[in-house]
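Just so it is clear, none of the values below were taken in a lab; they were calculated from the coordinates. Worth saying up front: this structure is predicted, and the values here are computed from it rather than measured. Because the Cβ atoms are built from the backbone with ideal geometry, glycine has one as well, and the counts that use them run over all protein chains shown.
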């Protein structure tokens, strides 16, 4: 999600919904075998497209289910919002895999979602080809 300077974490909650710490058993019920996967550290995360009204998304555009290693994205959102939401949820997963997610969340409080959105924007706009090239040359 691209964040404009005047967007607050409160307006993000209103637009995208509050993120839960865990999706619970409902994510297993709504899940089909996801063909979309992303590996973060040594963990494989499934990317699952669902309807915003399903039991996992509950009206949100995205949800990161930490225990199931699942990123749920609303398939009925516009393409650009699905992509932005994917990077936002991917940022949640990266923070979870870093084992600092809870500490960062507690420290930032209501600014946590804004931080995650900005991190997602940075990740989305990285020049990954250049990063890989530099990694090989150093």
### Message
To make sure I understand, if each residue's beta carbon is the centre and we count other beta carbons within 10 Å, what order do 81, 63 fall in, fewest to most?
### Response
81, 63
### Residues 45, 128 arranged by fewest to most Cβ contacts within 10 Å
128, 45
### Task
Evaluate the Debye formula for the range 26-138 with equal point scatterers sitting on the alpha carbons, no solvent, and hand back log10 of I(q)/I(0) at q = 0.18, 0.22, 0.23 Å⁻¹, in q order, two decimals.
-0.97, -1.31, -1.37
### Query
What is the Cα convex hull volume of the range 61-121 when expressed per residue in Å³?
73
### Gained length - residue 39 relative to residue 80, 0.36 nm times residue gap less alpha-carbon distance
12.5 nm
